[in-house]
Amino acid sequence: MNEGFGEIMINFDKVELMEIDKDDTPFQAWFNYNISDNEIRELVEDCENNDNTEFNIDSDGLECSLCLTMYSREDFKLEAFVTDENGEQEWFVINRCIIFGKDYTDKIPNYNELMEEYYLLAATVNELDINSCYTYNDFLELTGSEDEAENLFDMVDWQHPSSLWDELDTDD
């Protein structure tokens, strides 16, 4: 099956999943794109025409990989990189915004579970960020005065405000 992005066509019969990177969000899926040197050159030429960019792909022994960045269940960005026989690489964007990338996600085992993990991780990170914030009232409650709250606020860098307050209190 082929899918077109402008003039750019991807032959999904030649796309196979290599790995999924879940270390950071958004998640990324890496695919081998098993096409010939001439097909790679055509793909690069199509991308050059779409982006008005020129890539330097002159040698043989080319390999093409695709990177699908998954922002949500239905929002993706597709990039490709071509490696020549000397290890030189060119990166280019094939499509900045793919909606409903089913042809890609069908190649990812347990895609729905993967996205559930992604949303859980994102929710946990957001919850941690919210729970680690301190308000003016937190500083005021801890110190008991506006002047001391402002001084403590100006002094805090990496430590918990109450730890620094206790440390200052014992230094007096």
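The values are calculated or read from the model by the stated rules, or taken from the named source; none is laboratory data. As the structure is a computational prediction, the values presented were derived from the model and not from experiment. Glycine gets a Cβ as well: all are built from the backbone with ideal geometry, and neighbour counts include every protein chain shown.
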Please tell me if Leu62 is at pLDDT 80 or above, of a type outside the set (D, E, K, R) and over 15 Å from Ile10 (Cα atoms).
yes
Given (1) modelled with pLDDT of 80 or more; (2) not in a loop (DSSP other than H, G, I, E, B), where does Cys47 come up short, assuming only one miss?
(1)
Kindly indicate whether any position in segment 130-145 is modelled with pLDDT of 70 or more and over 30 Å from Gln159 (Cα atoms).
no
Name the single residue that is modelled with the highest pLDDT among those in segment 82-100 being of a type in the set (S, T, N, Q) and within 15 Å of Tyr33 (Cβ to Cβ).
Thr83
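Considering only residues that are touching a Cys at 6+ places or on another chain (Cβ under 7 Å) and either assigned to a strand (DSSP E or B) or of a type in the set (D, E, K, R) (or both), look in segment 9-38 and name the one that is surrounded by the fewest Cβ atoms within 10 Å (Cβ to Cβ). Even if it seems obvious, please write down each step before you answer.
Taking segment 9-38 first, the residues touching a Cys at 6+ places or on another chain (Cβ under 7 Å) are 28, 30, 33, 35.
Applying the additional criterion that residues be either assigned to a strand (DSSP E or B) or of a type in the set (D, E, K, R) (or both) yields 28, 30, 33.
Numbers: Gln28: 18, Trp30: 14, Tyr33: 20.
Among residues in segment 9-38 that are touching a Cys at 6+ places or on another chain (Cβ under 7 Å) and either assigned to a strand (DSSP E or B) or of a type in the set (D, E, K, R) (or both), the one surrounded by the fewest Cβ atoms within 10 Å (Cβ to Cβ) is Trp30.
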I'm trying to understand the selection: among the residues of segment 1-43, which are in contact with a strand residue (DSSP E or B) (Cβ under 6 Å, 6 or more places away or on another chain) and modelled with pLDDT under 80?
Asn2, Glu3, Phe5, Ile8, Met9, Pro26
Given the condition polar (S, T, N, Q) and at pLDDT below 75, answer yes or no: does some residue in segment 101-124 qualify?
yes
